[in-house]
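K.L.:
Right, I'll just put the structure down here and ask away after.
The values are calculated or read from the model by the stated rules, or taken from the named source; none is laboratory data. From a predicted model like this one, the values you see are computed outputs, not experimental measurements. Don't worry about glycine lacking a Cβ; one is built from the backbone with ideal geometry, like all the others, and counts go over all protein chains shown.
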Amino acid sequence: MTETIRTPLKVAPYLRMSEHQINLIHSGSMQILNDPGLVCFNEHAADLYEQAGCRVKRRMRGNAGCLECAHPGSCVIQKHLESVPRRIILGARNPENKLELDAEKPHVYFGTGSETNIVLHSQLKEYTAKDDASQTRVLAEFQSERGSLQNLCRSAKSGGN
C-alpha cells in the first residue's frame, strides 16, 4: 500500500543565516547548557537527565526542597542531536493531508500552528501551609507572556540581553 502525502510548495532554498551564524548560536547554546546549566524542579526529570549522561547536582535552596541543576555537556547534546530523525510525517484526520517534513528538502509548509515566541517568567515564592503556619515551602511560580513584534524588536536591539 502506497502512503499518500500532501505535496508541499517547492521553493528555491533561502538561507536566513550563514553557516558561521548557525555555529555561533550552537556554540553559545552549548556554553549556556554547560554553565549555568538547567535548573530542574522535578526529581524524576533530573533522574532522566542523569540517565542520559548529564552531570546532575542536587541542592537545597532555602525551603525549596530538591532543586536539580543539570549540566548536559556537549557530548550528551551532540549524541541526541544525531538521533533526531531527518524525516517525519505529520498525520491528519484526512490521510490525504498528511505532511512529510524532510530536513533535506527545501519545502515551505503552510498550516495551522502556534507561535513559538512565548516567554515564560519564573519566580520563587514562599508559601505557608494552611493547616500549620510553621510549615513553609518555596515553589516556582510561572507567568507566560505572549511574544509581540515590539518584544522581538526590543530583544534584537539589545542583542537578546
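K.L.:
Among the numbered conditions (1) modelled with pLDDT under 80; (2) more than 23 Å from VAL39 (Cα to Cα), tell me where LYS98 comes up short.
P.N.:
(1)
K.L.:
Cβ-Cβ below 8 Å, separation at least six or inter-chain, first residue in the range 15-42 and farther than 23 Å from PRO106 by Cβ, second in a helix (DSSP H, G or I) and of a type in the set (Val, Ile, Thr): which pairs?
P.N.:
Within 8 Å, the pairs are MET30/ILE77; LEU33/ILE77.
K.L.:
Any chance you could count how many residues in the range 129-145 are within 18 Å of VAL39 (Cα to Cα) and touching a residue at least 40 places away in the same chain (Cβ under 8 Å)?
P.N.:
Qualifying residue count, the range 129-145: 4.
K.L.:
Continuing with this model, one more query. Quick check on my filter: what residues within the range 128-155 are of a type outside the set (A, V, I, L, M), modelled with pLDDT of 70 or more and under 19 Å from the mean Cα position of the chain (by Cα)?
P.N.:
Initial filter on the range 128-155 (of a type outside the set (A, V, I, L, M)): 128, 130-132, 134-137, 141-148, 150-151, 153-155.
If we keep only those that are modelled with pLDDT of 70 or more too, we end up with 128, 130-132, 134-137, 141-146, 150.
Selection gives GLU141, PHE142, GLN143, SER144, GLU145, ARG146.
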